[in-house]
1. Could you check how many residues of the range 1-53 are touching a strand residue (DSSP E or B) at 6+ places or on another chain (Cβ under 6 Å) and among the small types (Gly, Ala, Ser)?
2. Filter the range 17-64 down to residues that are touching a residue at least 60 places away in the same chain (Cβ under 8 Å) and surrounded by 12 or more Cβ atoms within 10 Å (Cβ to Cβ) and give me whichever is nearest to ASP6 (Cα to Cα).
3. Given the criterion modelled with pLDDT under 85, closer than 15 Å to CYS19 by Cα and either touching a Ser or Thr at 6+ places or on another chain (Cβ under 8 Å) or surrounded by fewer than 16 Cβ atoms within 10 Å (Cβ to Cβ) (or both), identify the matching residue among ARG79, ARG94.
Amino acid sequence: MAVYEDLSRRGERLADQACEGVFATHGVPGQLNGAGSLFAFHFTDRPVCDYRSAAAADPRRGHELFLGLLNQGMMLAPRGMGCLYNRPRRGRDRALPRRPGGGSGRAGPAWRG
């Protein structure tokens, strides 16, 4: 049970990082929906509760997020869906780059506001 509790905690932290640390900081309307370790990014200012509301999100920004994170070595499905997994990682418990470019010298995601 501790594994699932940890995944749920990490999923909640990812949602907080995305909403407060990324969308709000860059002035981009968006949200992250999820359950436990599963999540999906939606670039819209309206609540996403079904297919139609998800389809109304900005696909261009979603694609830019996909490519930007892929350039940082983070894989999502092209439609912005992903999952977290438990794997011991010494000193690296994060899901999103801490700053634009992620410290790799490459450009950060192009979807910033």
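The values are calculated or read from the model by the stated rules, or taken from the named source; none is laboratory data. The model shown is predicted, which means the values in this text are computed figures rather than measured ones. Cβ placement follows ideal geometry from the backbone for every residue including glycine, while neighbour counts extend to all protein chains displayed.
1. Selection size over the range 1-53: 5.
2. The residue in question is GLN17.
3. Being modelled with pLDDT under 85, closer than 15 Å to CYS19 by Cα and either touching a Ser or Thr at 6+ places or on another chain (Cβ under 8 Å) or surrounded by fewer than 16 Cβ atoms within 10 Å (Cβ to Cβ) (or both) holds for just one of ARG79, ARG94, which is ARG94.
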